[in-house]
Structures are given as C-alpha cells and as structure tokens.
1. State the number of residues belonging to region 127-143 that are within 17 Å of V246 (Cβ to Cβ), at pLDDT 95 or above and open to solvent by 10 Å² or more (accessible area, probe 1.4 Å).
2. Within region 192-211, track down each residue that is within 15 Å of K231 (Cα to Cα) and either more than 11 Å from the ligand (Cβ to nearest atom) or open to solvent by 70 Å² or more (accessible area, probe 1.4 Å) (or both).
3. Can you tell me which residue is farthest from K211 (Cα to Cα) among those in region 153-174 that are open to solvent by less than 40 Å² (accessible area, probe 1.4 Å) and away from the ligand (no atom under 11 Å from the Cβ)?
4. Say whether the condition of being in contact (Cβ under 8 Å) with a residue 24 or more places away in the chain, open to solvent by 10 Å² or more (accessible area, probe 1.4 Å), in the same structural domain as E184 (by TED's automatic domain parsing) and assigned to a helix (DSSP H, G or I) is met by at least one residue in region 239-251.
5. Right, A230: among the small types (G, A, S), within 16 Å of the ligand (Cβ to nearest atom) and over 15 Å from the mean Cα position of the chain (by Cα) or not?
6. Looking at H99, is it in contact with a Lys or Arg (Cβ under 9 Å, 6 or more places away or on another chain) and in a loop (DSSP other than H, G, I, E, B)?
7. Can you pull out every residue in region 259-291 that is surrounded by 19 or more Cβ atoms within 10 Å (Cβ to Cβ) and either touching a Cys at 6+ places or on another chain (Cβ under 7 Å) or modelled with pLDDT under 95 (or both)?
8. Please identify the pairs in which a residue from region 163-179 that is closer than 17 Å to V200 by Cα and modelled with pLDDT of 95 or more has its Cβ atom under 9 Å from the Cβ atom of a residue that is small (G, A, S) and near the ligand (Cβ under 8 Å from one of its atoms), counting only partners at least 6 apart or on another chain.
Amino acid sequence: MLIVSGTHGKHIGRLIAGKLKSGYSALIVDKFPDGELRVRLSCPLKGKNIILVQSFYKNISDSVLEVILAAETARELGAKKIVLAAPYFPYMRQDKRFHSGESVSQRIIAGLIDRYFDAVLMLDPHLHRKSKLQGIFRIKAQKLTANSLMADYIKKRIKNPVIIGPDGESYKWASAVAEMLGAESRILSKKRHSSYHVKVRLNKKIDLSNKNAVIVDDIVSTGHTILETAKVLRRLGAKKMYCICVHGIFVNDALKKLKKANIEVVSTNTIPSKMSKIDVSGVIGESLQQI
Ligand code: R5P
C-alpha cells in the first residue's frame with residue numbers, strides 16, 4: 001500500500017502512513033503560467049494499492065481536479081487499486097436544488113469520484129436528505145466518524161458537560177457523543193436565512209447551573225451557527241462555552257469571532273489549524289487496513 005498525499009492531505013497523509021508503516025509519497029503539484037495544474041506522481045505505482053489522501057477545505061476546485069488527474073495517472077501507470085481517503089469531503093450540503101436551476105452538486109461531484117476511483121472513505125460527511133453514502137456514490141464508499149474521539153476529548157478535559165447540538169442535523173454528532181459520555185443533551189433548531197444569517201431556537205429548557213455547555217457539530221464554517229447557539233445558551237446562564245467540531249473550516253474571521261464570544265473551540269485534524277487538537281489519522285488508518 002502506498003499513501004500519496006495531495007496538496008491538502010499532507011498534514012494527515014504522513015501520520016496515516018506512519019500508523020500503517022506503509023510507503024508514503026507527496027504528490028508534486030504546481031501550476032503552468034496560465035494557471036493550469038501540473039500533477040506528478042514520483043513513486044513506482046505498478047501493481048500497488050494507492051491511497052490518495054486529500055482534504056477538500058481550500059481551493060476546493062483545484063483540490064478535486066488534482067485528485068482526478070492523479071488517480072487517472074496512477075491507473076495509466078499500472079496501480080492496482082486507487083482509493084480516495086478524504087478526511088473532509090466537500091459539496092455534501094448541496095444535496096437538493098434549493099433554488100430553481102441550481103446544480104445538485106453532491107451527486108455530480110460524487111459521479112466524478114465514481115469515475116476515477118475504486119473506493120472512497122471520508123470522515124463524518126454531512127449527510128442530510130440522503131442518509132447513506134451508498135445512495136450517493138456507486139463505488140464502495142465508507143463513512144467514518146470521529147464521535148468516540150470527540151467524546152474522549154471531552155471526558156478527559158471538561159467537567160460536568162451538557163452537550164448541545166445547534167440544529168436538527170447535528171444529532172448525529174451531539175446525541176451520539178452525549179450518549180457515549182452519559183451526559184445530558186439538547187438539540188436546538190436552526191433556520192438559515194443566508195450563509196451569514198442563521199437563527200437558533202431552544203425548544204425545551206435545560207438547566208445549565210454548575211454545568212459546562214459543550215456545543216458539538218460536524219462543521220464550523222463562518223461560525224455563525226455556533227455564535228447564535230452561544231447567544232441562546234448565554235440567556236440560560238452559561239458563561240464559558242466550548243465548541244467541539246469535526247471539520248473546522250473557519251472561514252474569514254470565524255475563529256476571532258468565536259474567541260471574542262468566549263467560546264473555546266477544538267476541532268479534529270481533518271483540516272489543519274491551531275484548533276485541530278483531535279487526531280483522526282488512526283481512524284482512517286484502521287479502515288484502510290480492511291481495504
Ligand atoms: C450545517 O448544518 C452544518 O452542520 C453546520 O452547522 C454549518 O455548516 C455551520 O456553518 P456556519 O459555521 O457557517 O454557520
């Protein structure tokens with residue numbers, strides 16, 4: 001097995017290779033003067049199972065094109081099996097036509113991956129209206145989760161936690177983590193008006209006295225979901241709050257805003273940042289052993 005990391009997979013590809021004691025190589029990627037991508041695989045590939053590691057959090061379009069160019073090249077050069085390991089896989093939230101004429105990107109991007117890979121695995125994809133990867137991808141697709149690692153992190157560091165899910169979809173993370181901890185939990189409801197404008201509501205009161213409120217979600221992007229949730233919790237008397245998420249995308253000034261609101265944020269390392277304190281390379285490595 002050879003682990004090959006793409007531009008946005010290096011931070012975790014090396015860790016996965018270390019855990020598996022397998023070969024490791026980084027994809028060589030640069031751009032021609034006009035902006036076209038040039039991708040080079042620098043290891044012998046004939047007869048090998050190649051795991052391309054890419055986390056699609058930045059320059060997403062280039063990151064997608066990069067793995068497609070690499071996968072097809074690996075196939076031409078004799079690779080046996082080509083697997084995409086995506087700590088963070090994008091386009092999962094666009095799972096329906098929200099406005100007329102809009103692309104349902106989830107299925108289209110999955111179709112591209114189907115065309116070039118033999119299998120795909122990803123950490124905590126944002127599954128909503130389609131609840132299984134099998135209904136989205138045609139190739140073997142495996143969903144992994146960081147839930148037990150997040151629960152472990154909370155257990156070791158935060159006393160008397162109450163787990164809060166900011167919206168209906170977050171129960172897959174918040175309720176699961178609460179159950180592992182034997183902690184109380186509440187799932188709030190959210191209405192999204194635009195990318196930066198959300199409203200969060202509490203349906204059933206919760207007692208936060210002598211408790212630490214821990215908001216658990218899959219993605220933090222602009223941070224507005226968490227900021228609005230924190231407003232609700234503050235009205236209930238919460239002082240210091242925590243947010244534990246799988247994918248810390250943190251666009252624009254999200255981290256600054258969360259810090260200003262006195263929210264301590266921790267994410268996994270599907271996306272590297274100074275908040276990525278929970279290592280998921282072991283979960284990915286274990287599942288690759290079965291491939
Ligand atoms: C969507 O429902 C996700 O679970 C997150 O709640 C959402 O992506 C967070 O986005 P933002 O940080 O921009 O509010």
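The values are calculated or read from the model by the stated rules, or taken from the named source; none is laboratory data. Remember, predicted model here, so these are calculated numbers, not experimental data. Please note: Cβ atoms are built from the backbone with ideal geometry, for glycine as well, and neighbour counts cover all protein chains shown. Accessible surface is based on the protein model in full, side chains and every heavy atom, while ligands, DNA and RNA are left aside. Shrake-Rupley method; radii C 1.70, N 1.55, O 1.52, S 1.80 Å.
1. Adding up the residues that qualify gives 2.
2. H197, K199, R201, L202, N203, K205, I206, L208
3. Out of the qualifying residues, it is Y153.
4. Scanning region 239-251 turns up no residue that is in contact (Cβ under 8 Å) with a residue 24 or more places away in the chain, open to solvent by 10 Å² or more (accessible area, probe 1.4 Å), in the same structural domain as E184 (by TED's automatic domain parsing) and assigned to a helix (DSSP H, G or I).
5. yes
6. The answer is no for H99.
7. Result: I263, V265, S267.
8. I164/S170
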